[in-house]
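What follows is a short report on a single structure.
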Amino acid sequence: MNATKSENAFSFADTLNGENEFDSDEDDFESENEIEFENEIEFENETEFENENSGEPAPSFSTGKVKKKIIEVKDLDLWYGNNHALKNISIGIPKNKVFAFIGPSGCGKSTFLRTMNRMNDMISNCRIEGEIYIDNENIYAKETDVNDLRKRVGMVFQKANPFPMSIYDNVAYGPRIHGVSKKKIPGIVEESLKGAALWKEVKDRLKDSAFSLSGGQQQRLCIARTLAVKPEIILFDEPCSALDPISTRKIEELITKLKKEYTIIIVTHNMQQAARISDYTAFFLSGELVETGKTVHIFENPQDERTEGYITGRFG
Amino acid sequence: MMRKSYNKELKEMRDEVIQMGDLVLKIFNHSSDTFFDKEPVSAEKLEKMVKKLETIEKGIEKMAASIITLQQPVAKDTREIICAVRIAMSWLKIGSHIADIYEYSDTCPEKIKNNPRERDVLKTIKAITHEMLIDAADAYKSRDTDKASIVAKKDDEVDLIFEEIRRDIIKENDTTSFSLCSLMIVGHIERIGDHIANICEDIIYLERYEIVRLN
Ligand SMILES: Nc1ncnc2c1ncn2[C@@H]1O[C@H](COP(=O)(O)OP(=O)(O)OP(=O)(O)O)[C@@H](O)[C@H]1O
Ligand SMILES: [Mg+2]
């Protein structure tokens, strides 16, 4: 209880100091206009899915004509014991885009997300069939180095989970265990905190405990921690569900910015959030991929009535 | 069972649009009676009906704004709202064109009666318009996109008659108030036809997510 209060006091104090959360990162953030402009250009140039109709699975594995996807999932099945949790999933994830996974609770979104960095390996009764290629390499092949995979595919969870150490050490942790030389670490920490739009808020208190940060700041710290090991892909599992609207917007803006350098997959229960930030959306139901396509198609004119039922809130 | 009040609000908005269509038909019937029948409708009564049309239209706008703000509609629901606002606007404009036509009833009817040819043309165009209004209102009610495409086609007939009268006047260089009166009336009817076609386009967009140009 007390912790919550002092967190609020922190962000309030920041506001009083004139550190408006949205303005505070002008160094590392492009202005909103710039972002919009870039999106427009991107839209015009976006030819890779020209023929794509939201009715078809967007980025299909075998179609040679579409631009290469960074992740290709082919006929993936997953069981927890007898529970067939993912059923014959095939999908391609394009590089440098935000891909949203939506669907009702228990449909398998988190499970699917975890297959991409083999987090399900740790679950004892979990069995997987099918293939997932990242940069043309089957991550379920015997020779795959799982530690290296998890470095390439970072993950941010629903509940911010900073380590019980200082802000600085949280971010430095990954590079250190991956054997990055001591000299390089301060630079990586600063760069990662800037990348996560947190630098200005914490640069004078890097030695403070990570728990002294607000929930939204902790979540950005976890993003910074992920960025510090320089992944290619970042998986977000409901990263904003515990955050207030301002922190949520901040994370959303951050994700929009991060896609220039990273490929992003986000699981969200917030339809407006999926619509706001993602380029592509996939709708899952009972372990099946029901429909996938450009986000604007999924939200304006879904082809499957189950998708329509879900996004309009008439599901069930 | 999901989103009961949301569904109810959308339905209420649709019902208001339907009500506008019905009211426009009433306005049309009353004011055309003034031209062709013995019992002319009073100007006040017509004005009242047009006022009511305006009130409903404003109400639909308000409902749309509040549903968008509070319910964040997506997919077909978004089109439902956009089209309700657009169609309500079309009905309102149609209503006001009919009211404009009514203004001529002070000066025109005697002359129309004396010229059987013009009288016939006006009766024909009245019948076409009447049918289009009924069918457009019906197509919205029953979400019938085929009907919507057919209704919009009839607009061509109105355009032809309008052209014919216009050419007639120019050719004969006959600027008697009688023909001019017909021209003015048919000019309004021509605009009404355009608005009906817009309504039909909206119905098709709403149901099929296709943007079509019907006239
Ligand atoms: N570790 C596990 N062991 C056994 N079964 C699991 C495990 N994790 C998930 N499941 C089961 O797999 C199915 C999919 O669960 P998952 O957590 O992927 O759903 P989700 O779409 O992420 O749901 P939510 O939106 O509630 O997070 C569910 O039936 C769930 O009970
Ligand atoms: Mg989950």
Q. For A:Thr144 and A:Ser124 in the same chain, what is the full-extension length gain: residue separation times 0.36 nm, less their Cα-Cα distance, in nm?
A. 5.3 nm
Q: Just add up the charged neighbours of A:Ser124: K/R +1, D/E -1, any other residue whose Cβ is under 15 Å from the Cβ of A:Ser124.
A: +2
Q) Which whole number gives the average count of other chain Cβ atoms within 10 Å of the Cβ atoms across peptide B:72-79? A) 6
Q. In chain B, which Cys residues have no partner Cys with a Cβ closer than 4.7 Å?
A. B:Cys83, B:Cys200
Q: Putting +1 on Lys and Arg Cβ atoms and -1 on Asp and Glu Cβ atoms, find which of A:Ile102, A:Ile128, A:Met165 reaches farthest to the positive end of the dipole of region A:96-208.
A: A:Met165
Q.
With the cut-off at 22 Å, tell me which of the pairs A:Lys184/A:Lys257; B:Lys58/B:Lys123; A:Lys97/A:Lys183; A:Lys194/A:Lys257 have Cα atoms farther apart than that.
A. A:Lys184/A:Lys257; B:Lys58/B:Lys123; A:Lys97/A:Lys183
Q: Step through the table entries B:Lys113/B:Lys154; A:Lys230/A:Lys259; B:Lys93/B:Lys147, compare each Cα-Cα distance with 24 Å, and write down the pairs that go over it.
A: B:Lys113/B:Lys154
Q: For n ≥ 4 DSSP H runs only, could you compute -39500 (n - 2.57) per run for chain B, divide by its residues and tell me the 222 nm figure to the nearest 500?
A: -30500 deg cm²/dmol
Q: Just grab the label-to-label distance for B:Tyr209 and B:Thr69, each label 7 Å out from Cα along the Cβ direction, in nm (one decimal).
A: 2.9
(Q) Taking 25 Å as R0, compute the FRET efficiency from the Cβ-Cβ separation of A:Asp304 and A:Asp77 and round it to 0.05. (A) 0.75
Q. Given a Förster radius of 22 Å and the C-beta distance between B:Asn115 and B:Glu157 as r, what FRET efficiency does 1/(1 + (r/R0)^6) yield to the nearest 0.05?
A. 0.55
Q.
Let's test the formula: R0 of 51 Å, r as the Cβ-Cβ distance of A:His178 and B:Lys11. What FRET efficiency results, to the nearest 0.05?
A. 0.30
Q. Relative contact order for chain B using alpha-carbon pairs under 8 Å, separation at least 6, rounded to a whole percent?
A. 25
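Read-outs: derived from the displayed coordinates by stated rules, not from any lab. Bear in mind the structure is a predicted one, so any value in this text is a computation, not a measurement. As a convention, Cβ positions derive from the backbone with ideal geometry for all residues, glycine included, and neighbour counts pool all protein chains shown.
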